[in-house]
Amino acid sequence: MEDLADQIAHLCLEKYNKLGKNGKPSEKEWTVLSGIVLKKKDNSLTLVALATGTKCLGKLDLINTKIYEEGCRLSDSHAEILVRRAFLRYLYEQINFLLSDSKSDVFTIDDQKKIKINDKISFHFFTSQTPCGDCSIFLKEEFYEDDAPPAKIIKCDYNNRVETIESNTDKKEKQIIKDIYRTGAKCIKSEKCQDLHLPGINYHVVGPLRTKPGRGNPTLSLSCSDKMAKWNLLGVQGSLLSILIPPIKMETIVVGGNSPFSLEAMERGLYKRFNEKVHKLKIVQSKLYFKQQKNSERKHPCPSSIIWCAVRNRDTEVAVEGRKQGATKKKKGSNLLITRRALFEMFLQTCDKYQHPDCNIRHPKKITYLDCKMWSKNYQSLWNTLKSGSFCAWPSKPIWLQTFVL
């Protein structure tokens, strides 16, 4: 598994190094790198999506988004979120290869004319550091040769129980934990458990859903830990693609080396904190690491993002403040190809080609983005079930962000 982790990390780091300088951090800036790798039947590995990013629009920025063409600005530009959107572009192109009688690395059509995922392929996710939110909260360990009791961190689950997690302690060598690694992500207000903000290990609780960090202007975007947990339950394809294809779930999560990492925290953040029978990911840290990650020299987050995917046209884009670099509100038609509007357009164009009863979207040119998502009945049913249980505090997106038409 470690060899596979390093191979996955190597593909992502190698591709990043080959990209141009545009969008990359300066010497004093840092960023996060994420990638998605396809493992084929013959065990060969292919990078299919890559992204960098650290930024997120605040609530006030989202309100100002109304001056732009609807569905054309990204609220969340963390690398993990951008790479998933780039992956959706890749999937749409693979579907269209299939519908054009070309070979697809991912899909095939069965005897019932349904799109299926090819046998014995899998997808693997790389991120240069642990995702923000619950996955990033864990104990800092310092070892002492005394009889001090093991430290504890408060844990809240979704059955209104409050528990404590004991640090793993060797009987021969006691340990004292002075502090925990912290996240800037804040517990959402509807959660019953909130951070205590006490010194040391009692600064955070673990378990609650969180919104991404934002200084002064709070964000509405959920942490990467929470979003990745949702993908682990529902698949990364989202509601629109669920109308066309089966769920796609990551098999492995690889975290880059030379950064704080806790397998226990990753497992907790991505599935163990939810009382569901979930897809249990393989989680491992690679030896290879991303040199542009946060460190003592790189203290400022890079304001721009790079988005790349393995498609034929416009495979690389650079984003700033949720829109294509250089784009303005007066310059329409120059939008990122991973926005809601662009992906919605790809979906409707694909529906026009894919003649199947399960993909019978009526009046596609007039239907809103939100109404179209509601056509994915199986996906929405499962999501509503989850939101009535473990994800009961999950907030809804502002309705005006989703009610646009093309």
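The values are calculated or read from the model by the stated rules, or taken from the named source; none is laboratory data. Every value quoted in this text rests on a predicted model; they were computed, and no experiment measured them. Using ideal geometry, Cβ is built from the backbone for each residue, glycine included, and neighbour counts are taken over all protein chains shown. The area values use the complete protein model at the heavy-atom level, side chains included, leaving out ligands, DNA and RNA. Shrake-Rupley method; radii C 1.70, N 1.55, O 1.52, S 1.80 Å.
Of note:
- Note on region 103-114: residues that are at pLDDT below 95 and outside any loop (DSSP other than H, G, I, E, B) amount to 1.
- Reported count of residues in region 2-24, each being modelled with pLDDT under 95 and surrounded by 10 or more Cβ atoms within 10 Å (Cβ to Cβ), is 1.
- Hey, Leu386 touching a strand residue (DSSP E or B) at 6+ places or on another chain (Cβ under 7 Å), more than 18 Å from Leu241 (Cα to Cα) and at pLDDT 85 or above or not: no
- Residue in region 289-305 that is open to solvent by 60 Å² or more (accessible area, probe 1.4 Å) and within 25 Å of Lys40 (Cβ to Cβ) present: no
- If you go through region 246-261 and pick out every residue that is open to solvent by 10 Å² or more (accessible area, probe 1.4 Å), touching a strand residue (DSSP E or B) at 6+ places or on another chain (Cβ under 7 Å) and not in a strand (DSSP E or B), you end up with 2.
- Applying the criterion of being open to solvent by 40 Å² or more (accessible area, probe 1.4 Å) and assigned to a strand (DSSP E or B) to the residues of region 115-141, the residue that is farthest from Ala185 (Cα to Cα) is Lys116.
- Checked against (1) more than 18 Å from the chain's Cα centre (by Cα); (2) buried (at least 22 other Cβ atoms within 10 Å of the Cβ), Phe97 meets all criteria but (2).
- Residue within region 227-240 that is assigned to a strand (DSSP E or B), closer than 27 Å to Glu93 by Cβ and of a type in the set (A, V, I, L, M) present: no
- Strands (runs of 3 or more DSSP E) contained entirely in region 1-97, each with at least 2 residues that are more than 29 Å from Ser296 (Cα to Cα): 33-39, 45-52
- Answer residue from region 63-96, given it is of a type in the set (Asp, Glu) and touching a strand residue (DSSP E or B) at 6+ places or on another chain (Cβ under 6 Å) and is modelled with the lowest pLDDT among those: Asp76
- Hits in region 176-191 - residues which are assigned to a strand (DSSP E or B) and modelled with pLDDT under 90: Ile176
One line per residue, one yes/no per condition, for (1) surrounded by 21 or more Cβ atoms within 10 Å (Cβ to Cβ); (2) over 21 Å from Met228 (Cα atoms); (3) charged (D, E, K, R):
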| position | (1), (2), (3) |
| --- | --- |
| Ser26 | no, yes, no |
| Val32 | yes, no, no |
| Lys40 | no, yes, yes |
| Asn43 | no, yes, no |
| Ala49 | yes, no, no |
| Leu57 | yes, no, no |
| Cys72 | yes, yes, no |
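- Yes/no for Ile283 being under 30 Å from Glu29 (Cβ atoms), open to solvent by less than 10 Å² (accessible area, probe 1.4 Å) and either in contact (Cβ under 8 Å) with a residue 24 or more places away in the chain or touching a strand residue (DSSP E or B) at 6+ places or on another chain (Cβ under 8 Å) (or both): no
- Considering residues of region 187-234 that are without any contact (Cβ under 8 Å) to a residue 40 or more places away in the chain and at positive phi only, the residue farthest from the chain's Cα centre (by Cα): Gly200
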